[in-house]
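Quick notes on the structure that follows.
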Amino acid sequence: MRILKANWYPPENEELMRLFGATVDFDIDATPTSPDYRLARERSAAADALINCSATLPVPADLDDFAKVKIVVREGVGYDNLDLEGWGARGIPVCNVPDYGTTEVADHAIALMLALTRGTETYDRLLNSDPANGWSFSRAPLVRRLRGATFGVVGLGRIGLAAARRAAAFDMRVVFYDPHLSNGVELATGYERVHSLRELMSICDVLSVHAPLSAETQGFIDAEAFAAAKPGLILINTARGPIVNLDDLTEALRDGRVAGAGLDVLPKEPADRSHPLIAAWGAREPWIDGRLVLSPHAAFYSPASMKDMQRKAVECILAYLNEGRLTNCVNRQFLTTPLGKAS
């Protein structure tokens, strides 16, 4: 069995070879990639299965290049960079790996919140630049008590629920908005539920985004949402950058409606220094200083999560091709042939 790993990035997991080397021939695309890169047709034609390792780069080849592929896996949670309908039209399931970094992302969301509300990033930076004058507890602008504050969650899936549990451990009130969950989830979790983003924005002290990127959520957190926000809101986004309209967030930060933001993801990655918000942050302009914390789409990462992600992607393929058992399929609505058999 030949598995092509496209848009690969290090570190390489030697455990894969130990676990699967006897049954799987890995063709790892170790070439630096860009949106214009194209896989060699002889490589794509030989693959029985395809793994897209990148969260943002699309599979850089035409679907017809993969004549033997029977299953496609996004090595990660998000799958907005895969052609679900195109693969489905060929009867090929597309799957993801939704459970490899749940705790890491939830931890990271809370860490971004704490960096702002406890001032840790600001204190460290001020002490590093001037240990004497930086020795002041009052220089971090967003320090506040979390106990009793409202933690809002957009998308109470695996990661959103994990983040909510962590916020509750800080004695925060947890409220969520997720129109795709059935009635009664609020009773099972013990968290409060609202039925509109506007209502959630109006009561939150901290809003944490955990929704997938889709046509529905593209630009979902926009000027209208910020206009409804409770003054002093802190926004955390560890989901996908395009869910938050960065221009509208910039204006909301400028006028003070939003007090601060912790962003692990951006609409354009790496960070675009030409954008006014990123430029102001980079220059440490006084109006944004201490109010914005960025990280490089790293919420998912730990050495353990990387190993889990790579292993689970291969296990998904083997389960389907060897057993006919399909897990985590994200394009069922587009499949033109019945599932359950790897023919």
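Where a number appears in this text, it was derived from the coordinates with a stated rule and is not lab data. All of these numbers come straight from a predicted model, not from anything done at the bench. Cβ atoms come from the backbone with ideal geometry, glycine included; neighbour counts cover every protein chain shown.
Checking (i) -0.25, -0.66; (ii) -0.21, -0.60; (iii) -0.19, -0.54 against log10 I(q)/I(0) by the Debye sum over Cα atoms at q = 0.06, 0.10 Å⁻¹ calculated from these atoms, the matching label is (i).
Here the extension length gained between E42 and N183 equals 45.7 nm, from 0.36 nm per residue of separation less the Cα-Cα distance. Across the stretch 102-294, the relative contact order, built from alpha-carbon pairs under 8 Å that are at least six residues apart, equals 20 percent. Counting Lys and Arg as +1 and Asp and Glu as -1 over every other residue whose Cβ lies under 15 Å from the Cβ of S295, the net charge comes to -4.
Stretching the chain fully between D289 and D25 yields a gain of 90.0 nm (0.36 nm per residue, less the alpha carbon separation). Compared with the dominant principal axis of the Cα atoms in the chain, helix 120-129 is inclined by about 70°. Each of the peptides 140-153, 257-270 was scored by the mean count of other Cβ atoms within 10 Å over its residues; in descending order, highest first, they stand as 257-270, 140-153. When you restrict to C-alpha pairs under 8 Å that are six or more residues apart and normalise by the size of the stretch 191-343, the relative contact order lands at 16 percent.
Shown in residue order for the stretch 236-244 are the 3J(HN,Hα) couplings computed by the Karplus curve 6.51 cos²θ - 1.76 cosθ + 1.60 at θ = phi - 60°: 10, 10, 10, 9, 9, x, x, 5, 9 Hz (x for Gly and Pro). Across the stretch 102-294, the convex hull enclosing all Cα atoms gives 115 Å³ per residue. Each Cα pair under 8 Å and six or more residues apart adds its sequence gap; the mean of these over the residue count of the chain is a relative contact order of 18 percent. Helical runs (DSSP H, four residues minimum) scored at -39500 (n - 2.57) apiece and divided by the length of the chain put the mean residue ellipticity at 222 nm at -9000 deg cm²/dmol.
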